[in-house]
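The values are calculated or read from the model by the stated rules, or taken from the named source; none is laboratory data. Keep in mind it's a predicted model, so treat the numbers as computed, not measured. When we count neighbours, we look across all protein chains shown, and the Cβ atoms used for this are built from the backbone with ideal geometry, even at glycine.
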Amino acid sequence: MLLSVRDSGIGFEINEAMHNHGIGLISMRERVGLVEGTISIDSKPMAGTEINVRIPVAMDTATGQKSATVRVQGVHGASTDLVG
C-alpha cells in the first residue's frame with residue numbers, strides 16, 4: 001500500500017526538524033516501522049513537502065487477495081481505517 005502526501009507550503013529542513021521541532025516526524029517513522037513499512041520525506045524551505053509511506057500487504061490464503069488495514073488516529077481522537 002502506498003500513501004503519498006504532498007503540499008506546496010513553506011517546507012522545512014528535514015535534519016533540523018528531526019532534532020529540534022517536536023516528535024511529529026520521529027513518531028511517523030516509528031509507527032511506519034511498527035508495520036514494517038518505509039517512509040521517505042522530501043522537503044526544502046519554500047519548496048513544499050512530500051511524504052511517501054509504503055506498507056507491505058499480506059496475502060489472504062483463503063481468497064488469494066492482497067490486503068492491509070492501517071488505523072489512522074486523528075489529533076482529536078477520531079480514527080479512520082485505511083483498507084487496501
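Looking only at residues of region 6-33 that are without any contact (Cβ under 8 Å) to a residue 12 or more places away in the chain and part of a loop (DSSP other than H, G, I, E, B), we find that the one that is surrounded by the most Cβ atoms within 10 Å (Cβ to Cβ) is H21. A Cβ distance below 8 Å, combined with a sequence gap of six or more or placement on separate chains, defines the contacts here; from region 34-47, residues that are closer than 10 Å to E13 by Cα and surrounded by 12 or more Cβ atoms within 10 Å (Cβ to Cβ) reach residues that are at pLDDT 90 or above and among the β-branched types (V, I, T) in the pairs D42/T49; D42/I51; S43/T49.
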